[in-house]
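Before any comments, here is the structure.
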Amino acid sequence: MLKNLLILFLSISLLFSCSKKEVQEVDEPTDTEIGMALYEEAVQALKEGDAFYAGKKFKEAESLMTKYTWASKASLMANYAEYSRSAYSNAIFGLERHLNNYPADENLPYVHYLIAICYYEQILDEKKDLAPLLKAKEKFEFVMENYPDTDYGTDARFKIDLIIDQLAAKEMSVARFYMKTEKWIPALNRLKTVVDEYDTTIFVEEALHRLVEVYYRLGLEEEAKQAASILGYNYQSGEWYERSYKVFNKKYKTKKLKKQKEMGIIRKKIKSLFE
């Protein structure tokens with residue numbers, strides 16, 4: 001009986017001893033390993049379309065990463081997740097934070113470009129507010145000047161042209177409103193802005209014609225003729241020149257014009273929003 005009890009006691013002692021040894025030999029995962037697992041989980045969530053959950057997991061991963069490269073990558077992906085679900089304010093805030101926290105990140109050109117895109121994609125929803133237009137233009141100019149030989153620099157040039165068209169469109173929209181309400185001086189100032197600052201846009205012909213109309217209405221015939229001569233010199237075969245010609249020659253009948261050079265789809269869309 002005693003012998004059996006000793007064997008049982010010894011067996012139990014060995015069992016606990018082995019269990020303790022096994023527990024000691026199992027290493028706890030490091031913060032970096034946990035962070036990598038969270039990163040992979042976030043990538044999968046992003047692929048599945050759950051950007052909100054992905055952003056949350058990327059942020060958790062960033063807080064655990066000890067290696068600069070991986071922490072910066074997690075930060076950037078978290079902000080991309082915010083952008084992909086159109087949470088532009090969150091994305092911009094996070095990207096600005098990224099610039100401060102990771103100044104040596106090799107992806108800085110992309111970070112600046114993504115900030116510009118966040119502003120740019122808010123433009124069509126902000127028909128009255130110029131802030132997104134101006135901030136997008138400023139940021140794209142920064143990208144173009146600092147990273148001219150990258151794909152981001154190339155696209156920034158294209159985006160700036162579209163933004164300038166939209167700025168001109170907004171000025172023309174306000175000028176037309178002032179003309180309808182017979183506020184001639186404010187209308188004049190807006191039209192001059194289009195002619196002076198946006199002379200490469202599709203709106204400059206109309207702006208020159210409207211100047212002719214406003215000057216003529218104010219009794220400033222010499223100024224009206226000067227605007228008409230500029231319009232005629234540059235766009236003599238255009239519809240707006242014919243309209244200006246008719247201001248001085250009331251009996252003149254506008255000719256039916258041939259189809260003019262077709263505008264790009266994007267410019268057509270932009271112009272239609274403000275007419």
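Since every read-out is calculated from the coordinates, none of them should be taken as a lab result. What you see is a predicted model, and the numbers here were worked out from it, not measured in a lab. Cβ coordinates were reconstructed from backbone atoms using ideal geometry, including for glycine residues, and neighbour counts include every protein chain displayed.
About its Cα centre, segment 33-164 has a charge dipole of approximately 260 debye under the convention of +1 per Lys or Arg Cβ and -1 per Asp or Glu Cβ, with nothing else charged. Listed by chain and number, the aspartates and glutamates whose alpha-carbon sits under 15 Å from that of Lys183, ignoring those within fewer than 8 places in the same chain, are Glu171, Glu213.
Extending 7 Å from Cα along the Cβ direction at Ala104 and again at Lys180 yields two label points whose distance is 5.9 nm. Counting Lys and Arg as +1 and Asp and Glu as -1 over every other residue whose Cβ lies under 13 Å from the Cβ of Met36, the net charge comes to -3. Taking a straight line from the alpha carbon of Lys73, these aspartates and glutamates sit under 13 Å away, with near neighbours fewer than eight places off in the same chain left out: Glu40, Glu60, Glu62, Asp105, Glu106. Descending by average beta-carbon neighbour count within 10 Å, the peptides 219-227, 52-60, 239-247 line up as 52-60, 239-247, 219-227, the highest first. With a threshold of 29 Å on the Cα-Cα distance, the over-threshold entries among Lys159/Lys192; Lys67/Lys159; Lys47/Lys137; Lys159/Lys246 are Lys67/Lys159; Lys47/Lys137; Lys159/Lys246. With contacts taken as Cα pairs under 8 Å at a separation of at least 6 residues, segment 33-164 carries a relative contact order of 15 percent.
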